Every structure is written in structure tokens, then in C-alpha cells.
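Right, one structure below, let's go through it.
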Amino acid sequence: MGMKIAIYGRVSTPKQSVYPQLKDLKAYAARRPGWSVAAVYSDVWTGANDKRPGLQALMRDALCKRFDAVLVWKFDRFARSVRQLVTALDTFKELGIDFISASEAIDTTTAYGKVTFTVLAAVAEIELSWIRDRAAEGRARARLAGKHCGRPRAVFDRELAARLRRRDPREWSYRALGRKFGVSKDTMKREIKQYAARRAAGTG
């Protein structure tokens, strides 16, 4: 039974042409017995707002099982990081779709390629663990330096809100204060309590 192949190509700048890459991939597929090109996808990198519509279309068609394998020239033409590559390969594996890099030893149709994928998955997990550790260390350093971590704090006059609350809690409920200052009731309640605690500690 033949294998239906999806070809994906990408170039890094608008000045480059993706067609030589696609031509080489078609020639590679033609040399493999039983292979037929079912679809061709491509993208031109356009900077920070790059949405890669070709890759998005490929992933949609993968979910519809419109091909049996994805063929690229190099994995960095397909993914921007090992982690992104492994995420895509995990999706393909669940769908029963193979992945082949024509110029690298990545071919999940072979036993060696499956081993390579396992190694890549381990590297991606280590990379993710490092990112988490660095992020946690950064947050800890920020807290020690007295910097706020997480979502930006709401901007409003906390001193005035707290003063109104102390003057007349019935009139100035947290909900009423929130409406006046443009924040939620829960945010107002939290900020007033934190403000009061800082004042009590002599730091606010």
C-alpha cells in the first residue's frame, strides 16, 4: 500500500524563494518506492507577526488524516525549537502520521528514527524544566527586591479608597468603591487590605 506524503517548506526572509526547497523535497519523495505527494504547504517568514498559515493548514489537514507522513528538508524549517518539534511529533504520533527530515536522521518510519525522536523528547523535557526553574528563580529574586510579580497591578488611588472605606463602610462598600475607581470588587477588597497592612507595618 502506498504512502501519502505532505511536503512542508519554509524560508527565513521574503527575499528567499521556497520553490527550490519544495522541488528538492518532491524529488526526494519521488525516489522513495510507494510514496506519492498528497499535499504541499509552505511559508515565508515575515518577522514577529509570523502566523505561518501553511503550517496551520498542514496541522488542520493532519487532524483529518489527509496524509500518512510529513516530509521537510530540515527540522528547523518546520519548528523553531526542539520543544515545538517534539510537540508536533507527539500530535503526529497520536494520529499515526510519520515525520521525515530529508537531510537529517529523523525518520519515524524507521527504528532509528523512532529512537531519535525519543532522544529529542528527552531534550525538550530538560529544556522545559530549565525554563521553569529560571522563571521561578526570577520571580523569587523579584520578590526579594520588592518588585511585583504576575499581572500588572490596578492603577487607582488606594489611599483615597481606604479613607472612604474607613469613613463610611456602608456607603462605600467594596463594590461601590470598585465602581468608582474602575476595578472589580475583589480587587478593591484585596488592595485595601494590603494597603492597610503596609500602613500598619510602616511600609506603606
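Search the structure for amide H atoms under 5 Å from the amide H of Tyr41, placed 1.01 Å from N in the peptide plane, and list their residues when 5 or more places away or on another chain.
HN-HN under 5 Å from Tyr41: Ile7, Tyr8, Gly9.
Which order do the peptides 88-97, 27-36 come out in when sorted by mean C-beta neighbours inside 10 angstrom, highest first?
Result, highest mean Cβ count within 10 Å first: 88-97, 27-36.
How large is ³J(HN,Hα) for each residue in region 68-76, as worked out from phi by the Karplus curve 6.51 cos²θ - 1.76 cosθ + 1.60 (θ = phi - 60°), to whole Hz, x for Gly and Pro?
9, 7, 10, 10, 10, 7, 9, 5, 6
Would you please give the residues with an amide H less than 5 Å from that of Val70, counting only those at least 5 places away or on a separate chain, with H modeled from the backbone geometry?
Ala6, Asp98, Phe99, Ile100
HN-Hα J couplings of region 3-15 from phi, Karplus 6.51/-1.76/1.60, θ = phi - 60°, integer Hz, Gly and Pro as x?
Once θ is set to phi - 60°, the couplings for region 3-15 become 10, 8, 10, 9, 9, 10, x, 8, 10, 8, 9, x, 6 Hz.
Tabulate in residue order the Karplus-calculated ³J(HN,Hα) for region 58-66, using 6.51 cos²θ - 1.76 cosθ + 1.60 with θ = phi - 60°, rounded to whole Hz; enter x for Gly and Pro.
So the J values, rounded to whole Hz, are 4, 5, 5, 5, 4, 5, 8, 6, 8.
Just so you know, all these numbers are worked out from the coordinates, no wet-lab data involved. All values derive from a computational prediction rather than experimental measurement. Glycine gets a Cβ as well: all are built from the backbone with ideal geometry, and neighbour counts include every protein chain shown.
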